[in-house]
Each structure stands twice: as structure tokens, then as C-alpha cells.
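No lab work stands behind these numbers, since they all come straight from the coordinates. Keep in mind the model is a prediction, meaning the values are calculated, not measured. Counting neighbours? That spans all protein chains shown, and the Cβs are built from the backbone with ideal geometry, glycine included.
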Amino acid sequence: MLINLLTNAIKFSHRGSDVLLSAEQASHGWVRISVEDRGIGIPAADIANLGTPFTQVHGPYINKEQGAGLGLAITKSLVEAMGGTIDFDSTEGQGTQVVVTLQAAKAA
């Protein structure tokens with residue numbers, strides 16, 4: 001799950017830009033993991049479809065390195081199978097933050 005999120009952040013970031021990974025205790029028994037980049041971002045119209053199998057984001061900033069559109073769908077399924085949530089916040093041309101919240105015992 002984390003490898004997929006980090007790989008996406010790196011793949012869709014500008015060369016030399018930072019990708020931030022953080023983890024913190026949310027509420028009792030929960031952990032919040034955030035992956036944030038300063039990359040190309042995702043158009044607002046596409047955010048609602050993230051995590052849907054075979055969905056790819058298209059736009060002027062998207063490079064040619066696209067996969068099958070399964071990575072985020074698999075990640076979302078894994079997170080939900082563990083009783084967690086995944087949220088996306090993005091601004092096209094500025095970057096994306098993905099926040100996963102999981103029960104700490106299941107995340108370990």
C-alpha cells in the first residue's frame with residue numbers, strides 16, 4: 001500500500017521535488033499516514049474517481065508513464081479491508097496529498 005502511494009507520488013512529481021511521508025497517532029487506536037508531493041496534481045473532476053479500477057487521470061501535466069489504472073484501486077481495497085479510510089486532496093499543477101487512516105493494530 002505505502003509503496004504504491006510513494007511510487008505514484010514520485011512518478012507524478014517534478015524531478016528534484018520532495019515527497020513527504022508522515023505518520024501520526026490519530027485518535028485512540030488509530031494511525032494516520034500521509035503521502036504528499038509537490039507534483040502535477042490531479043484535476044478536481046478526477047478526484048472522485050480515484051480508486052476506481054482502470055481509472056487514469058488525464059490532463060496537460062500527465063506524462064506518458066501511466067499504468068493500467070489499478071494501483072490506487074488495489075490500495076483503496078486494502079485500506080477498506082482493514083477498516084480504514086483513504087482521502088485525496090489535490091490541486092492541479094501544485095501537488096497531491098493522500099491520507100490513509102487505519103486502526104493501529106491492523107496497520108502493524
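A few comments on the model shown:
- In this rough spin-label picture, where each label sits 7 Å from Cα along the Cβ direction, the ASP87-ASN49 distance is 2.4 nm.
- Inter-label distance for SER22 and ARG38, nm, one decimal - labels placed 7 Å from Cα along Cα-to-Cβ: 1.5 nm
- Residues THR101, THR96, THR7, arranged from fewest to most other Cβ atoms within 10 angstrom of their Cβ, appear as THR7, THR101, THR96.
- Between ARG15 and LEU78, the C-beta separation translates, for a Förster distance of 30 Å, into a calculated FRET efficiency of about 0.55.
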